[in-house]
């Protein structure tokens, strides 16, 4: 049961990173309180990854890599939990 919870938590974190990436296209709402909370939740995963994965021009691929890894780990944990 605890493994299933962790799996869903990882998946939720992946969706939050997707939401953050989409909201970054709208510079006018970056000061919004909900956007700030979203940044605080996702920064512990994205900031270390951004130091490892270099930007390609103006593109930051670290959110995509984080989502793929989080979804993979969630599925792996879910398959182990039965």
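Every number here is computed from the coordinates shown, using simple stated rules; none is lab data. On a predicted model such as this, the values are computed, not experimentally measured, just so you know. Glycine gets a Cβ as well: all are built from the backbone with ideal geometry, and neighbour counts include every protein chain shown.
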Note to self: Using Cβ contacts closer than 10 Å as the measure, can you line up 43, 28 from fewest to most?
What the structure shows: 28, 43
Item checked: Cβ-based exposure ranking for 59, 5, 71, in which fewest neighbours within 10 Å come first -> 59, 5, 71
Notebook entry, point to check: Among 56, 69, what is the fewest-to-most ranking by other Cβ atoms within 10 Å?
Noted result: 56, 69
Notebook entry, point to check: Given N residues in segment 1-68, what is Rg(Cα) / (2.2 N^0.38 Å)?
Noted result: 1.19
Notebook entry, point to check: Is the shape of segment 29-82 rounded, prolate or oblate, going by the alpha carbon gyration tensor and its root eigenvalues a ≥ b ≥ c, with a/c under 1.5 for rounded and a/b larger than b/c for prolate?
Noted result: oblate
Notebook entry, point to check: Quick one: if the Förster radius is 22 Å, what FRET efficiency do residue 49 and residue 75 give, using the C-beta to C-beta distance and rounding to 0.05?
Noted result: 0.70
